[in-house]
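What follows is a set of notes on a single structure, which appears directly below.
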Amino acid sequence: MVFAGLDIGSQSTCAIIVDEKEIIASVLIASGVNPKKIGEEALGLALGKAHLSRSDVQYFITTGYGRYQVESDEQISEITCQARGVQAFFPKARMILDIGGQDSKIILLNKNGRVIDFMMNDKCAAGTGRFLELMAQVLNIQLEDYGTLVNQSKEFIELSHTCAIFAESELISLIAQGKKKEDLARAVCQSVVKRVLNLAGKMNITYPLVFTGGVAKNQGIITIL
């Protein structure tokens, strides 16, 4: 039996094809401004990689911010989908730390991988992938540069503002003061980590903990964590 899953997020869209319990194809592309078009494109690319057509799919689930934009058999919240996915790969996990492009989430799981509780920061860009992007523009670096720069940092600098707008102004001021790029890159990553850990602390950090979302690939954040 062939299943298809489509996650239309704020920054990226992922499609996956599963034959029973085996992943046979997956695709990750930028979301853009038309979630329906991007979702259909991602699904088509994944099906192409699996050498299948839409008619071969017995059940199709969509999730993410754009889950209602593409016709599917079922639309499920990203909270539930993350819990199911993490439980499948890491059955002993008890907490999920998810940092995406638009929000950050803390999800608490029971021993069966079911969601007990969750908290979300979706009111401000601070503590999200978008914050890292904005600060990278100010620093004139690429997202993938954070990891290298954080490891090169020698001076501890802490951003006093958690608001993305004020943090940007503060960063510009620090650049004008001659602060080194690597130290400022570390300060940005520390700001993100501090915000999400404060969120996690409200629920009592529980291990084993799994880190998900696009920001989970950011080596600068991983180093700070």
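Figures for the structure shown
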{"quantity": "Test for residue 150: is it touching a residue at least 60 places away in the same chain (Cβ under 8 Å), outside any helix (DSSP H, G or I) and surrounded by 17 or more Cβ atoms within 10 Å (Cβ to Cβ)", "calculated": "no"}
{"quantity": "Test: residue in the stretch 197-204 that is surrounded by 15 or more Cβ atoms within 10 Å (Cβ to Cβ), modelled with pLDDT of 90 or more and assigned by TED's automatic domain parsing to the domain that holds residue 93", "calculated": "no"}
{"quantity": "One residue from 106, 141 being of a type in the set (A, V, I, L, M) and under 30 Å from residue 87 (Cβ atoms)", "calculated": "106"}
{"quantity": "Of the criteria (1) buried (at least 19 other Cβ atoms within 10 Å of the Cβ); (2) over 27 Å from residue 184 (Cβ atoms), which one residue 81 fails", "calculated": "(1)"}
{"quantity": "Residues of the stretch 1-23 satisfying the condition of being surrounded by fewer than 16 Cβ atoms within 10 Å (Cβ to Cβ) and either aliphatic (A, V, I, L, M) or within 22 Å of the chain's Cα centre (by Cα) (or both)", "calculated": "1, 23"}
{"quantity": "Residue count, the stretch 30-60 (criterion: out of contact with any Cys (no Cβ under 8 Å at 6 or more places or on another chain) and under 22 Å from residue 11 (Cα atoms))", "calculated": "18"}
{"quantity": "Residue 141 modelled with pLDDT of 95 or more, assigned to a strand (DSSP E or B) and of a type outside the set (D, E, K, R)", "calculated": "no"}
{"quantity": "Residue list for the stretch 153-166, restricted to those being touching a residue at least 12 places away in the same chain (Cβ under 8 Å), surrounded by 12 or more Cβ atoms within 10 Å (Cβ to Cβ) and more than 21 Å from the chain's Cα centre (by Cα)", "calculated": "153, 157, 159"}
{"quantity": "Some residue of the stretch 143-157 being assigned by TED's automatic domain parsing to the domain that holds residue 219 and within 21 Å of residue 64 (Cα to Cα)", "calculated": "no"}
{"quantity": "Qualifying residue in the stretch 171-184 (condition: in the same structural domain as residue 146 (by TED's automatic domain parsing), surrounded by 17 or more Cβ atoms within 10 Å (Cβ to Cβ) and hydroxyl-bearing (Ser, Thr, Tyr))", "calculated": "no"}
{"quantity": "One residue from 211, 156 being of a type in the set (Phe, Trp, Tyr) and closer than 25 Å to residue 120 by Cβ", "calculated": "211"}
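The values are calculated or read from the model by the stated rules, or taken from the named source; none is laboratory data. Keep in mind it's a predicted model, so treat the numbers as computed, not measured. Here Cβ is always computed from backbone atoms with ideal geometry, including for glycine, and neighbour counts include all displayed protein chains.
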